[in-house]
Structure formats: C-alpha cells, structure tokens
1. Out of segment 379-467, which GluC sites (Glu not before Pro) are coil in DSSP terms and have no more than 16 other C-beta atoms within 10 Å?
2. By how many degrees, between 0 and 90 and to the nearest 10, does the Cα long axis of helix 379-400 differ from the longest principal axis of the chain?
3. Jot down the per residue volume, in cubic angstrom and as a whole number, of the convex hull over the alpha-carbon atoms of the chain.
4. Listed highest first by mean packing, meaning other Cβ atoms within 10 Å per residue, what order do 91-100, 249-258, 347-356, 168-177 come in?
5. Dipole of segment 233-313, Cα-centred, from +1 at each Lys and Arg C-beta and -1 at each Asp and Glu C-beta, to the nearest 20 debye?
6. Taking only the C-alpha atoms, wrap a convex hull around segment 332-467 and report its volume per residue in Å³ as a whole number.
7. Based on the Cα gyration tensor of segment 387-460, what are the three equivalent ellipsoid semi-axes, each the root of five times an eigenvalue, rounded to whole Å and given largest first?
8. Can you tally the net charge around Pro182? Count Lys and Arg as +1, Asp and Glu as -1, for every other residue whose Cβ sits under 10 Å from the Cβ of Pro182.
Amino acid sequence: MESTPNVYRVTVDFCPAFGYTFSMGHLQLKDGDTIAILGGGPAGSFFAMHMAGLCKKHGISLQVVILERKTFLTHGPVGCNMCAGVLGGNIVNMISGLDIIMDSKVIRQNVEGFRLNINGMDAHIHRPSSRVYTVFRGMGPRREPSSEGYTGFDSFMLSQAQKTGASVLHGTVTEIVIPDDPVHGACVVRYTDEKNQPQELTAALVVGAFGVNSTLSRKFGFGYAEPHYWHTCQTELMAPPESDFTRSINIFSRRHSRFLFTAFIPKGRYLTVSGIGRHVKFAELMDELKVLGLDRTLGAVQGQDLRQLCHCHPRLPVTAAHLPYHTRVVMIGDASVSRYMKNGIESAFITSRCAAETALLKGIDEAAFREDYDRNCITTFARDNRYGKAIFFLHKITASDRHLGKGVISLIREERELPVEKQWISNITWHMFVGDKPYRAILRSLLTVTGGLRLLMRSFGRGKGKL
Ligand SMILES: Cc1cc2nc3c(=O)[nH]c(=O)nc-3n(C[C@H](O)[C@H](O)[C@H](O)COP(=O)(O)OP(=O)(O)OC[C@H]3O[C@@H](n4cnc5c(N)ncnc54)[C@H](O)[C@@H]3O)c2cc1C
C-alpha cells in the first residue's frame, strides 16, 4: 500500500473572461505514484503515451502499468479488438504528432475514396490525396493465419506505449477496490496473471480503458454505468481482385433493412464487412449480402465459403457513460464517450489526452474530473453526437425513400465535374463517413436552402433522379 498520502494543491489558471482563476484543494498525483490502466486497446496505450509526455514536460516521475488480457498475437477475435479498422486523416495526423510512424507493417491499405450504394444505385466519391488508411486491430482473420509480416494496430500502439516507459502486464482484471475514503487511501486492482495466479496492484489512479466488450464496467460501485451500445456484426472475406471492393470503401444502405449501413473495407487481399445495426446477427449479415446481390460476387473469389474466414459481434457505443469518474478513477475511450457511429480510435486519442491532462495538471479527485475532463471533453462529444444522431437519422430516411436515395446518388454523380470545394453533397457524405469534421458543421452544410432545394428538385422535380 502507498504510505504517504497524495497532497492537495491550489491550481492557478488563466481564463480569458475572468483573468486568473484559482481552484482549491484538488488531490494531486505525486512523484513515484502508480497509475493502473485497465485495458491496452487504443485508449489505454494513448493514455500512457500522453501521460509520459506530460510527465517529461513537468518533471514528474510516475509508474504507468497497463493491464491487458489479450496478447494480440493470436489470429481471429481472441487476439483482436474487433472493428472495421478505418483511420481517417485526423487520427493519422494525431498519431504522427506523437512522433509515431505507422509503417507498411501496420497499414494494410491507403484507400482512394468511397462508393456509396443506396437501393442498388451507386456513386463514387474520390479523394486520392486524403490519408485514409485501413488496419487490422489484431493479427487478421482466424482461418487465414498468414500474417504476411504485418502487425496489428493495437499491438503496435501497445509497443509504442512501452517505449515511453509504461509496463504491460498481461492478465485479466477481476476486481477494483476503491477505499471508503479515497482521498487518504489508494485503490487496489486485483487481476489474474498469465499463469492464472491472483495478483494485486496498488494505484494512486485507476484509468478505465476497457471499452464496452468487457464485464469490468460492473465492478465499480460509485454509480458508473457504461454507454448504451448496439450489437453489430462483422466478417472477413477474401477481396475480389481488381474490383471496386479493393480500391474504395463501399457503403451500402437500403430500404427495409435491419442494417443502418453495411461497409466493405479493403485490407490488401482481405475485405472486412461491417454490418451496423441495433442488434444484428451473423446470419442476418449473410442474408443482407444475398439481398444486396453480393453473395455470388464475393463467394466466387477462390470459391470461398462466405462463412469461412472469421466473424465477430462487437458492441458499438451510442451514448456516453454515466458518471465516468470518481476520486482516483477515470474512464476513457469507449468506456467513457466516443463519436457517434464513427472514429472510435480518434475518440480514444482525445479522451485519453484530456483525462491525462486533467489528472496531471488539475487533480485526480472527482471535482477535478468534473470541472475539467467532463466539461471540456465528455460534454463536447455528447453535444456534437446529438447532431450526429440527426445526420444518421436523415441518412436512414434517405435510404428509406426511393426518390430521395436516387436524388442523392444522382447529385453526387453530377458533382464529379465540379471542383472539390463545390461538391456539396459529396463533401457532406465524405465528412460523415470519414468523420473529419464535427457533426454540427456537417449538419449546418447539409441544411442549406440552395442545397436542400437542389436535392428536392433532383428527387421529386422534373427529370427526377436522372442517373
Ligand atoms: C463494427 C465496428 C466498427 C468500428 N469501426 C471503426 C473504425 O473503422 N475506425 C475507428 O476509429 N473506430 C471504429 N470502431 C470503434 C473502435 O473499435 C472503438 O472505439 C475503439 O476500439 C475503442 O478503444 P478502447 O481502447 O476504448 O476500447 P477497446 O478497443 O475495446 O479496448 C479495450 C481493451 O481492454 C481490454 N480489457 C477489457 N476487459 C479487461 C479485463 N477485465 N482485464 C484486462 N483487460 C481488459 C480488452 O482486451 C481491450 O484490449 C468500430 C466499432 C465497431 C463495433
């Protein structure tokens, strides 16, 4: 157990509106303290890296320990954090900003753009100069165990965190003990190690980076509740060579479907198929491929059985968590909040950076997290996600209406002749699926009178939906 109590400090900030502000009595991390990060996915690794940078800058020395149950060395869902693996330009730049070079061992493909297919009609949105990369989170599909010298994204990031001084303990966290008086006592994290032996670790700060595919969320007694989520479904296939599926990300939406959309993400010779719906199962994803008329095209590749390679049912958070902090505890990444439907890895980067800054520069008590981390980060995400929900609702309406769907596709095709900055609906679709702009800004560009009129004319006016 830690012997000396953590100290309180008065912090002085400069606020442009009010001049200097003083915040009194926040519980501080001190030299030699241990931080236990529960989960070594993107959020956990990014937190360790941000904290190392801050400690270096402020001359503080802390022990950062990441507890992770997976080694990321096994093929299939067991060694993978199950996602579509698309990295938009923002997160690619953020990672470069940490002086990390993601080489060709991590990146499977640089995609040229999107093909949007609504009710069987499609249009391309090309942005070859944009940096949109695809990665596998783990080692790749279960039934195709050749890694071809590649590294999974999560394993790569974990190794980068280790380079900044974090230690990684492979084990499963089973219990978190928060003292009745957390101001004067540290937390205890209990876990079983690789040999299945019970172990424990005392930590001044516990960082919950365990995502939403874990039962750990139930182990905190202070009122934390994980975000609501959708049960999605993914499968891996062999990509049809020299086809649209290998160059672009293909997004399919259609009327009367249980899926909001189905995305086909190229990764070299593989294709990840992500079915996004409220509660969708593998059999329904297979049916969807049939209805979309893709079972034959995709099944024809090397005579593959579509059920063969790999599949998983990851959860996709659609709300923010309730009370994601307490004195000496803070949640980050999916366990806290992420951008609605998109960019979970970027959200993990941002929440981990904000939480690390609050913990080191403001304090580790509940009030510090509420005043700084919650106000500046969680609330910002939650507010923007409201606009995101509206945008995806409009997308659903578009796909449900024959005329509107045709109108959108026809406008995207027509806009191809225009310079990129004038491509109204193509840019909106691009920003929506790459997630490189706040949802509020996307909705504002969508709700313009001229754009709306053009879409309505294309959908319902004379010469409607000309393709
Ligand atoms: C279908 C789908 C597609 C997606 N596509 C994309 C995409 O293309 N791009 C994108 O940016 N995001 C995407 N996401 C979101 C992305 O997967 C998540 O936002 C991201 O993984 C969150 O990172 P995290 O570190 O918070 O959680 P996770 O990645 O879930 O990591 C949590 C870690 O905690 C570990 N853990 C859990 N419990 C324990 C325990 N008891 N003991 C020890 N370790 C434990 C787990 O093993 C895991 O490594 C997608 C999500 C879904 C569902």
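Throughout, read-outs are computed from the coordinates displayed, never taken from laboratory work. Since the model is a prediction, treat every value here as computed from it, not as a measurement. Cβ coordinates were reconstructed from backbone atoms using ideal geometry, including for glycine residues, and neighbour counts include every protein chain displayed.
1. Those that pass, being in a loop and sparsely packed, are Glu417.
2. 20 degrees
3. 150 Å³
4. Answer by packing, highest mean first, reads 347-356, 249-258, 168-177, 91-100.
5. Here segment 233-313 has a charge dipole of around 220 debye.
6. Spread over its residues, the Cα hull of segment 332-467 gives 112 Å³ apiece.
7. The answer is 18, 16, 11 Å, longest axis first.
8. Taking every Cβ under 10 Å from that of Pro182, the sum is -3.
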